[in-house]
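To start, the structure under review is shown below, and the notes come after it.
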Amino acid sequence: MFPDFHRAPNIADHPDLYERENEAIDPDGRLWRALRDQADWAGRTVLDLGCGTGFWLPRYAVDAAGVIGVEPDPDLLALAREREVERGEVRHGSAEHIPLPDASVDVVHARFAYFFPPDCEPGLAEVRRVLRPGGALVVIDNDWRHGEFADLLAASPWASAQGTADTTDAWWRDRGAVRTEVTSAWRCRDAAELEAVLRIEFPGEVVDGWVRANPGRRELDYRYVLFTTTA
């Protein structure tokens, strides 16, 4: 295990349900368009840092020159290695221990993984080590201020360890990152699926209150913040 590895129970305890969560997010593709705008990976080598079960690797592989997933959790790593990804590979590593040579990738994505300021400097330094000149790191984070998901985060004690919006914004601003807000949604197949997905992300009492207030809902407002910094 790597010393900077912290097990994520939402995906580690429920990998199959987390797959459904991934399928439900960003149904209209707004996040993906924003990611392209920040740092297009077409014809380039992209690193998915903290790739989990490797859900997103095939999507990157559609037009990337090469795709690398790095994952510290050995159980999730095994699942990621089972996926067939054209021009892709999965390696055991972490944000502070990326198993790649200097200047070897063009784009790094970190999706809800590791970069919860303010204690992220070692990981940022390691990402900058593996980025080629002109390459970019794009961190995909939750919007803590706007939207229904932000309201759930505010009500959840589980989220307190991830810091606050003001701390996160200031940390990235001091490092010259570009901040981009993206309005999207979670859209599940039915209300039961949405409730099940919410229960791996939030305490039961928080989900109970939301479900009572929103009977039959299969979709909620979900917003992202992207932080982009270049090598």
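The values are calculated or read from the model by the stated rules, or taken from the named source; none is laboratory data. All values derive from a computational prediction rather than experimental measurement. Positions of Cβ are generated from backbone atoms using ideal geometry, with glycine treated the same way; all protein chains shown enter the neighbour counts. Side chains are part of the model used for accessible areas, which takes the heavy atoms of the whole protein and leaves out ligands, DNA and RNA. Shrake-Rupley method; radii C 1.70, N 1.55, O 1.52, S 1.80 Å.
Going by the structure shown, is L198 open to solvent by less than 50 Å² (accessible area, probe 1.4 Å) and over 24 Å from R30 (Cα atoms)? For L198, the condition - open to solvent by less than 50 Å² (accessible area, probe 1.4 Å) and over 24 Å from R30 (Cα atoms) - is not met. In segment 12-31, the residue that is farthest from E126 (Cα to Cα) out of those that are open to solvent by 20 Å² or more (accessible area, probe 1.4 Å) and of a type in the set (A, V, I, L, M, F, W, C) is L17. When segment 106-164 is limited to residues that are among the hydrophobic types (A, V, I, L, M, F, W, C) and surrounded by fewer than 17 Cβ atoms within 10 Å (Cβ to Cβ), the one that is nearest to A95 (Cα to Cα) turns out to be A125.
You will find that of V178, V197, V207, the residue that is more than 21 Å from I140 (Cα to Cα) and in contact with a helix residue (DSSP H, G or I) (Cβ under 9 Å, 6 or more places away or on another chain) is V207 and no other. Summed over segment 46-56, residues that are assigned to a loop (DSSP other than H, G, I, E, B) and not aromatic (F, W, Y) total 5. Checked against the criterion of being more than 22 Å from G134 (Cβ to Cβ) and in contact with a Leu (Cβ under 8 Å, 6 or more places away or on another chain), the candidates V62, V85, V70, V108 yield just one match: V85.
Contact map, segment 117-137: first residue in contact (Cβ under 8 Å) with a residue 60 or more places away in the chain and within 10 Å of A103 (Cα to Cα), second residue part of a helix (DSSP H, G or I) and open to solvent by 70 Å² or more (accessible area, probe 1.4 Å), Cβ cut-off under 9 Å, separation 6 or more or different chains; pairs are G135/R128. Suppose the filter is at pLDDT 95 or above, under 30 Å from R44 (Cα atoms) and not in a helix (DSSP H, G or I); does A125 pass it? Against the criterion (at pLDDT 95 or above, under 30 Å from R44 (Cα atoms) and not in a helix (DSSP H, G or I)), A125 does not qualify.
All of A103, A95 fail the test of being more than 30 Å from D190 (Cβ to Cβ), of a type in the set (G, A, S) and buried (at least 16 other Cβ atoms within 10 Å of the Cβ), apart from A95.
The residue pairs whose first member lies in segment 38-67 and is aliphatic (A, V, I, L, M), whose second member is assigned to a helix (DSSP H, G or I) and open to solvent by less than 50 Å² (accessible area, probe 1.4 Å), and whose beta carbons are closer than 6 Å, counting only pairs six or more residues apart or on different chains, are V46/Y60; V67/L57; V67/Y60; V67/A61. Number of residues in segment 54-65 that are open to solvent by 10 Å² or more (accessible area, probe 1.4 Å) and either within 25 Å of A12 (Cβ to Cβ) or touching a strand residue (DSSP E or B) at 6+ places or on another chain (Cβ under 7 Å) (or both): the value is 6. For segment 221-229, the criterion of a residue being farther than 28 Å from R132 by Cα, open to solvent by less than 70 Å² (accessible area, probe 1.4 Å) and either without any contact (Cβ under 8 Å) to a residue 12 or more places away in the chain or of a type outside the set (S, T, N, Q) (or both) is satisfied by at least one position. The condition of being in contact (Cβ under 8 Å) with a residue 24 or more places away in the chain, among the hydrophobic types (A, V, I, L, M, F, W, C) and part of a loop (DSSP other than H, G, I, E, B) holds for only one of W144, W186, W158, W172, that being W144.
There is no residue in segment 170-182 that is open to solvent by 50 Å² or more (accessible area, probe 1.4 Å), among the aromatic types (F, W, Y), touching a Ser or Thr at 6+ places or on another chain (Cβ under 8 Å) and more than 18 Å from R7 (Cα to Cα).
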